[in-house]
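The values are calculated or read from the model by the stated rules, or taken from the named source; none is laboratory data. Since the structure is predicted, the reported quantities are computational estimates derived from the model, not experimental observations. Note that each Cβ is placed from the backbone with ideal geometry, even for glycine, and that neighbours are counted across all protein chains shown. These area figures cover heavy atoms from the full protein model, side chains too; ligands, DNA and RNA do not enter into them. Shrake-Rupley method; radii C 1.70, N 1.55, O 1.52, S 1.80 Å.
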Amino acid sequence: MSINIPRGTKDILPGEVEKWQLIEQKAKEVSARFNYKEIRTPIFEHTDLFQRGVGDSTDIVQKEMYTFNDRGDRSLTLRPEGTAPVTRSYVENKMFGLPGQPVKLFYIQPMFRYERPQAGRYRQFVQFGIEAMGSADPAIDAEVISLAMTVYRELGLKKLRLVLNTLGDAQSRKSHKEALIAHFEPRIDEFCSDCQNRLLKNPLRILDCKKDRDHELMKSAPSILEHLNEESKTYFEDVKTSLDAMNIDYVIDPTLVRGLDYYNHTAFEIMSEAEGFGAITTLSGGGRYNGLVEDLGGPATPSIGFAMSLERLLLALEAEGVTLETEEELDCYVVALGDEAKQKSVSILSQLRQNGIKSDKDYLDKKMKAQFKAADRLKAKYVAILGEEELTKGIINVKNMDSGDQQEVVIEELSTFIKQGK
Ligand code: ATP
Ligand code: MG
């Protein structure tokens, strides 16, 4: 009996993997341009990290984590998101003491969540994310948003919508929280059990509920914007001014609440407006989390970040009909006829590869015609043909597959010849 792949996961095969390489390359290149450095953290962490760092009342911690005990009976969890691990590492490696502040980091790593699989929602997925740690300048909030938008735009996405909100500072949130409790409490029995649990602990989460999103009390719920103190208002205005300065359009949505507990001030999501993108339209989300470093044992460190999954990015590209130019062709395919030529082709191929030329040969003892077919299938720019006659003359016959021109080249000069034609 054969064994299948686990639900919610997938193989990325040649043909598809080139697209992944391309978008990963774009993410890395844009990160470098914005002066963000790569960080890689382990696939699993202590379960406590996510309970504390993501928050006990979140969907991730409540329902979605892959948690197991190892042979030493420690509770470990496959990383469901990147911010808590990066923050752990920031504290553990005392990055707050580094001379270059803020510390600007990016990651491209697989995440694991036990979810109901559907288009755009998997149990293993890859997130590209960034974290800018150690600055409370609203201009860096705008920089972070701009970085995400740059990656999407340069890959060819046009139908994007940036949704912006603020969650305010602790004081604003407290006042908002009280108003939310007063709003929902009298009719909380009409809400799901999750919301009932959230009411006193974290009523903001109610606004993020997927089951009760159409309840009439949702629309009339008090807005955070009415509860912002002066400082929070100014902060939000300054973020908007920086976005305007970069010509980045946005819409304000006071109901936008991020799914994680540690956010304050700026919260944002980037959505796809492409037709046929499907039910899930969020491409990425992020925001400011000024309390997290302190919660995880470090000094007070204002920080902001975002995460996008590459799976949803690829879906958006598909929905907008953007095709990525991937390099598939081979520079040279060596066709050898006869035992001696076959032997010689081993060293010729090796010479080509040492010289940086993408090349291949037949390993199935194919006839000449079939070798040409293989060269065609591999989209070889040149086919170099070696028979007995060529061998005695010390030359090889090189055919340019675009023009059809054929030319004799001294074997030792094959690499130089192909490099010139590249
Ligand atoms: P959603 O509301 O769609 O569940 P979320 O709030 O759980 O999203 P975040 O934790 O903020 O999402 O993750 C950031 C980004 O990661 C999302 O915007 C999305 O691009 C992606 N993402 C989240 N969960 C998945 C998943 N299961 N499969 C693929 N991509 C995902
Ligand atoms: Mg989710």
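FRET efficiency for the pair residue 407 and residue 28, taken as 1/(1 + (r/R0)^6) with r the Cβ-Cβ distance and R0 = 45 Å, rounds to 0.70.
Could you list the square roots of 5 times each eigenvalue of the Cα gyration tensor of the chain, that is, the equivalent ellipsoid semi-axes, sorted largest first and rounded to whole Å? Don't skip to the answer; put the middle values down first.
Details: eigenvalues 585, 103, 89 Å².
They are 54, 23, 21 Å, listed largest first.
Quick check: residue separation of residue 364 and residue 211 times 0.36 nm, minus the Cα distance between them. What number comes out in nm?
On the way: separation 153, 0.36 × 153 = 55.08 nm, distance 5.85 nm.
Residue separation times 0.36 nm, minus the Cα-Cα distance, leaves 49.2 nm.
The stretch 327-353 and the stretch 97-163 have Cα centres separated by 44 Å. For a straight C-alpha distance cut-off of 19 angstrom, the aspartates and glutamates reachable from residue 419 (same-chain residues fewer than eight places away being disregarded) are 327, 328, 329, 331, 360, 402, 405, 408. Inter-label distance, residue 252 to residue 37: 3.8 nm, where each label sits 7 Å from its Cα along the C-beta direction.
Over 20 Å between Cα atoms: which of 358/393; 19/379; 28/104; 26/104; 174/210; 369/399 fall into that group? Let's see the in-between values first.
On the way: 358/393 26 Å; 19/379 18 Å; 28/104 13 Å; 26/104 17 Å; 174/210 24 Å; 369/399 14 Å.
Flagged as over cut-off: 358/393; 174/210.
Spatially, the stretch 220-261 and the stretch 164-202 are offset by 18 Å when compared through their Cα centroids. Principal-axis analysis of the Cα atoms of the chain puts helix 310-319 at an angle of about 80° to the longest axis. With R₀ set to 35 Å, the beta-carbon distance separating residue 9 from residue 170 gives a calculated FRET efficiency near 0.35. Bridging of residue 211 to lysines at a Cα separation below 19 Å is possible for 63, 201, 219, once same-chain residues fewer than 8 apart are set aside.
Using only the Cα atoms of the stretch 314-422, construct the convex hull and provide its projected area averaged over every direction, in square nanometres to one decimal.
Projected over every direction and averaged, the Cα hull of the stretch 314-422 covers 8.3 nm².
Relative contact order of the stretch 230-355: what whole-number percent is it, with Cα pairs under 8 angstrom and at least 6 residues apart? Walk me through the intermediate numbers first.
Numbers: 112 pairs, mean separation 19.9, N = 126.
After rounding, I find 16 percent.
Carbon and sulfur together cover what percent of the accessible area of the chain at a 1.4 Å probe radius? Don't skip to the answer; put the middle values down first.
Working: 10330 of 21480 Å².
Roughly 48 percent, rounded to a whole number.
Counting only aspartates and glutamates at least 8 places from residue 37 when in the same chain, those with an alpha carbon closer than 12 Å to its own are 29, 131.
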